[in-house]
Amino acid sequence: MRRGFAFSGTWTVAAPPARVHEVLVDLERYPEWWPQVVAVASLGPDDARVLCRSSLPYTLDLRLHAVLRTPELLEVSLRGDLEGTVAWRLTDLGGQTRLDLEQHVTVGGWLAVASLVAAPVLRWNHARMMTGCVTGLRGALVPTGSSDG
């Protein structure tokens, strides 16, 4: 049994697209700024194993493969506990960047069964994960030596 989910979101960060791109393609540093990314292991120039844990008490084990890394679009395919794709579109807003997320995944096993009754909770868990991402990304984009106040 497999169940499908689609997630999307739009955020703005105070950095130019080239800087945002630089941070987003550096997967091995994700645990430094994204609290829900527990560990990342490089499996080669286009592949990584990523362990994620949001608010619910389970850890997702994912294999990411870089599909596209243009300045405007970053896309990876996912395998493991989630199967599908995740894409970030980066749009220049003149010193800021708009990030548009599109994620299309399926889940299997116990997660698919649980999703029959717990889909709203799984969506909430994903939203918490993305809040951690955007908050952490904004912090990671602050130039070294800068302070907020």
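The values are calculated or read from the model by the stated rules, or taken from the named source; none is laboratory data. Predicted, not measured: the structure shown is a model, and the values here were computed from it. Using ideal geometry, Cβ is built from the backbone for each residue, glycine included, and neighbour counts are taken over all protein chains shown. Heavy atoms of the whole protein, side chains included, go into the accessibility calculation; ligands, DNA and RNA do not. Shrake-Rupley method; radii C 1.70, N 1.55, O 1.52, S 1.80 Å.
The set of residues from the stretch 111-147 being farther than 20 Å from Phe7 by Cα and either open to solvent by 40 Å² or more (accessible area, probe 1.4 Å) or in contact with a Gly (Cβ under 6 Å, 6 or more places away or on another chain) (or both) comprises Arg138, Gly139, Val142, Pro143, Thr144, Gly145, Ser146, Ser147.
Within the stretch 104-120, is there a residue that is of a type in the set (Val, Ile, Thr), modelled with pLDDT under 95 and part of a helix (DSSP H, G or I)? Yes; the residues of the stretch 104-120 include at least one that is of a type in the set (Val, Ile, Thr), modelled with pLDDT under 95 and part of a helix (DSSP H, G or I). Quick one: is Ser54 in contact (Cβ under 8 Å) with a residue 40 or more places away in the chain, in contact with a Lys or Arg (Cβ under 6 Å, 6 or more places away or on another chain) and open to solvent by less than 20 Å² (accessible area, probe 1.4 Å)? In short, no.
Listed by first and then second residue, the pairs linking a residue in the stretch 109-122 that is farther than 16 Å from Glu83 by Cβ to a residue that is in a helix (DSSP H, G or I), with Cβ atoms under 6 Å apart and 6 or more places separating them unless they lie on different chains, form an empty list. Identify the single condition in (1) among the hydroxyl-bearing types (Ser, Thr, Tyr); (2) surrounded by 14 or more Cβ atoms within 10 Å (Cβ to Cβ); (3) more than 15 Å from Trp11 (Cα to Cα) that Thr70 does not satisfy, given that it satisfies every other one. Single failed check for Thr70: (2).
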